[in-house]
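Take a look at the structure below.
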Amino acid sequence: MPSKIVSVDEGSPAERAGIGAGSSLLSIDGQPVRDVLDYKFYSYDSRLCLEIADADGVPRTVTVRKGEGEPLGLNFENYLMDGMKRCSNRCVFCFIDQLPEGMRSSLYVKDDDARLSFLLGNYISLTNLSEEDVQRILRMHISPINISVQTTNPVLRCEMLRNRRAGDALSIMERFAEGGITMNCQLVVCEGMNDGEELRRSLHDLKRLYPAVGSISVVPFGMTRHRAGLYPLNPTTKEGAARCLEITEAFAAVCLQELGTRLAWCGDEYYLKAGKPLPDADYYEDFTQFENGIGMLSLFAEEFRLALPDYAGRTARPFTLATGTAAAPLMKTLLEEARAVCPSLEYAVIPIRNDFFGELVSVAGLITGQDLSVQLQGRLCGSRVLISENMLRDGGDIFLDDYTPGQVEAVLGAEIIPVKIDGADLLARIFS
């Protein structure tokens, strides 16, 4: 199906070649362009022959010269240039199934698309890959790919994903390993299902695929209060978190000795839930799975402490820092350290209880505008409220519950200031 071009970047190779909006891209060097992966793969070379259909449908051939790897500069109707592949699983721990009714429709979309894994870092289960998909990934060497493994026990994986193909899909990882595809793996742990000996098994099975398996994250499943009618699962307990830490850290210590890398890391939530101190930032090596909450707080603390001497003795307007109940203790510690070098600092750290999703959800990124509005009233220090930017949709315009920052500001009579997941940025916002 032709991909309609909606705009062309100014000064780009495509514009210089006379390609305009409204036309459609049919092929590159004789290769049909079905989606964004074909487009990126076949447009890499410095000299290209594009088949274009003008707005009236008449095809023509255009030769484009550019730098090797330089983008053509074409923009299409949608990012994938094709329909998104939807999830075919019914995972017992699915967070989307635990969302309340009445939220915006985009939040209920379940994708399981290998293209989004490569391009945006999304995690996929492999259960909806066709043989053609597998062959294309190997042929194009699409790497790295992020994979939600959960367990390497085929029978248990079928039970957890509620998909009869879930166990067979594990063989695809072996083919990827043979083909040199790097895989970052995730084990979402449900206490009483894939923890304990099953966790040990999964870690050791994945280790056998090293170095193709480049990292493993071990994270607890997120439980909201909206689970009526869903598979009965137990919340993560303090004892269960401690056991997962013990198993994973012992495995990581062996890997470090044998492979030169720890290979597996637990999510920050496990340390907080177990009441254990977070490792230092260097424990996480290259922070391969930072976006998955692995080492995020440790790096944040290191960035904050490294930047703090630059602000010694400075003054700042009073402010309130609103965060999740999980991160609040660390934020209090860091700001006390800041006050030690800036004695005039006035602030309040307010942990926000997640009434929208339920108190078991403790991370900052799932705090809603209405919970902020209700729980901050009458408790502010100053007229500035600093929040993590990941509470907001990309672009910073709306919370998960469709409240806007402006609506929260109107209720509180204070400015909402998003802060990057970066300790140095927190200091910059405090003293701006």
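When we screen L37, L48, L26 for residues that are within 35 Å of the chain's Cα centre (by Cα) and open to solvent by 30 Å² or more (accessible area, probe 1.4 Å), the only hit is L26. Just one residue in the set P220, P211 is touching a Lys or Arg at 6+ places or on another chain (Cβ under 8 Å) and free of Cβ contacts under 8 Å to residues at least 60 places away in the same chain; that residue is P220. Taking region 88-199 as the region of interest, the helices (runs of 4 or more DSSP H) fully inside it that hold 3 or more residues being farther than 22 Å from I294 by Cα are 131-140, 154-161, 170-178.
Scanning region 301-325 for residues that are open to solvent by less than 20 Å² (accessible area, probe 1.4 Å) and either within 30 Å of G121 (Cβ to Cβ) or under 20 Å from the mean Cα position of the chain (by Cα) (or both) returns A301, F304, A307, L321, A322, T323, G324.
Residue under question is L203, and the condition is that it be outside any loop (DSSP other than H, G, I, E, B), surrounded by 15 or more Cβ atoms within 10 Å (Cβ to Cβ) and of a type in the set (A, V, I, L, M); does it hold? Full working, then the answer.
Details: outside any loop (DSSP other than H, G, I, E, B): yes; surrounded by 15 or more Cβ atoms within 10 Å (Cβ to Cβ): yes; of a type in the set (A, V, I, L, M): yes.
So L203 passes the test.
Contact map, region 65-79: residues that are of a type in the set (D, E) paired with residues that are open to solvent by less than 40 Å² (accessible area, probe 1.4 Å), Cβ distance under 8 Å, separation 6+ or inter-chain. Pairs shown: E70/P13; E77/S3.
The values are calculated or read from the model by the stated rules, or taken from the named source; none is laboratory data. Just so it is clear, the structure is predicted and the values come from calculations on it, not from any experiment. Positions of Cβ are backbone-derived with ideal geometry, glycine not excepted, and every protein chain shown enters the neighbour counts. Heavy atoms of the whole protein, side chains included, go into the accessibility calculation; ligands, DNA and RNA do not. Shrake-Rupley method; radii C 1.70, N 1.55, O 1.52, S 1.80 Å.
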